[in-house]
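Asks: This structure is in C-alpha cells; I'll ask about it shortly.
The values are calculated or read from the model by the stated rules, or taken from the named source; none is laboratory data. Since this is a predicted model, take the numbers as computed values, not measurements. Neighbour counts are summed over all protein chains in view; Cβ atoms, including those assigned to glycine, are modelled from backbone coordinates with ideal geometry.
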Amino acid sequence: MKAEKSEVKDLTEIQNKIYTIRGIKVMIDKDLAELYSVQTKVLNQTVKRNIERFPEDFMFQLSDNEAEFLRSQFVTSNESRGGRRYLPFAFTQNGIAMLSSVLMSKKAIEVNIRIMRIFTRTGEILKNQTEIYKKIEQIEKQGQNNSADIQSIFTAIKEIIGFTTEKSKKSIGFDQ
C-alpha cells in the first residue's frame, strides 16, 4: 500500500514537470536536475560535454519569451539575486532517455525509468480520451434530433473526461 502511494506521488510530481513547449512535451533542465539530485549546472555541463548525443529533437534552449513566461508562471530565481544567467534547456522524451547514458548513476537510471513510464502513461491516457471523444461525437451525430436533455448529457460527459480541443493549459511559447 505504501509503495502505491509513493508511486502515485512520483507520478503526480513528474507529470507536473512535463510542459508543452513548441508543441512538444518536454521537461526543463532545472526540474530534471532536481529529480536526479544534481545541480542544474552539473547536468548542463555534462550535456555540453556530450552535445553530439543531443540533437535539436532531443534538446533545445528556450527563447527569451519562453523563459520569461516560465519565470512569470513559476517564479523562478531572479538574476540579480544570483539566479540563472542563461536560458534554460528543454529535453524531449528522447533527450531524457539519453540523459541516463551521460549521467551514468544509479539514481539517473531509476529516475529515467520513472519518467519514461509516465510519458507512456500520459500518451495512453490522451489516446483513450481521444477515442472516447470520437465515439461520443459519433453517437451525437447519429441522433441530431436528440432532446436538449440528451445534448446536455453529452456535454457533461465531455467535461467529465476532460477532453478539450484547445491546446494544453501548460503550453508555453509559440508553435512554429
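Asks: At pLDDT 85 or above, over 15 Å from the mean Cα position of the chain (by Cα) and not polar (S, T, N, Q): which single residue out of Val47, Val75 fits that description? Lay out the reasoning, then the answer.
Replies: Working: Val75 fails: at pLDDT 85 or above.
So the residue among Val47, Val75 that is at pLDDT 85 or above, over 15 Å from the mean Cα position of the chain (by Cα) and not polar (S, T, N, Q) is Val47.
Asks: Identify the residue in the stretch 58-70 that is surrounded by 16 or more Cβ atoms within 10 Å (Cβ to Cβ) and in a helix (DSSP H, G or I) and, among all such residues, is modelled with the lowest pLDDT.
Replies: In the first step, residues of the stretch 58-70 are kept if they are surrounded by 16 or more Cβ atoms within 10 Å (Cβ to Cβ); the result is 58-60, 62, 66-67, 69-70.
In the following step, the residues that additionally are in a helix (DSSP H, G or I) were identified as 66-67, 69-70.
Details: Glu66: 90, Ala67: 87, Phe69: 82, Leu70: 78.
Restricting to residues being surrounded by 16 or more Cβ atoms within 10 Å (Cβ to Cβ) and in a helix (DSSP H, G or I), the top hit is Leu70.
Asks: Within the stretch 118-138, does at least one residue satisfy the condition of being at pLDDT 70 or above, of a type in the set (Gly, Ala, Ser) and either part of a helix (DSSP H, G or I) or touching a Pro at 6+ places or on another chain (Cβ under 9 Å) (or both)?
Replies: Looking for residues that are at pLDDT 70 or above, of a type in the set (Gly, Ala, Ser) and either part of a helix (DSSP H, G or I) or touching a Pro at 6+ places or on another chain (Cβ under 9 Å) (or both), one finds none in the stretch 118-138, hence no.
Asks: State all residues of the stretch 10-23 that are of a type outside the set (Lys, Arg) and either in contact with a Gly (Cβ under 6 Å, 6 or more places away or on another chain) or under 18 Å from Leu87 (Cα atoms) (or both); if no residue qualifies, say none. It would help to see each step written out before you state the result.
Replies: If we filter the stretch 10-23 for residues that are of a type outside the set (Lys, Arg), which is where we start, we get 10-16, 18-21, 23.
Result: Ile18, Tyr19, Thr20, Ile21.
Asks: Which residue pairs have Cβ atoms under 8 Å apart, sit 6 or more places apart or on different chains, and have a first residue in the stretch 46-57 that is touching a residue at least 12 places away in the same chain (Cβ under 8 Å) and surrounded by fewer than 13 Cβ atoms within 10 Å (Cβ to Cβ) and a second that is assigned to a loop (DSSP other than H, G, I, E, B) and not aliphatic (A, V, I, L, M)?
Replies: Going by the 8 Å Cβ cut-off, the qualifying pairs are Asp57/Thr92.
Asks: Among the residues of the stretch 19-45, write down those that are out of contact with any Ser or Thr (no Cβ under 7 Å at 6 or more places or on another chain), touching a residue at least 40 places away in the same chain (Cβ under 8 Å) and aliphatic (A, V, I, L, M).
Replies: Ile21, Met27, Ile28, Leu32, Leu35, Val38, Leu43
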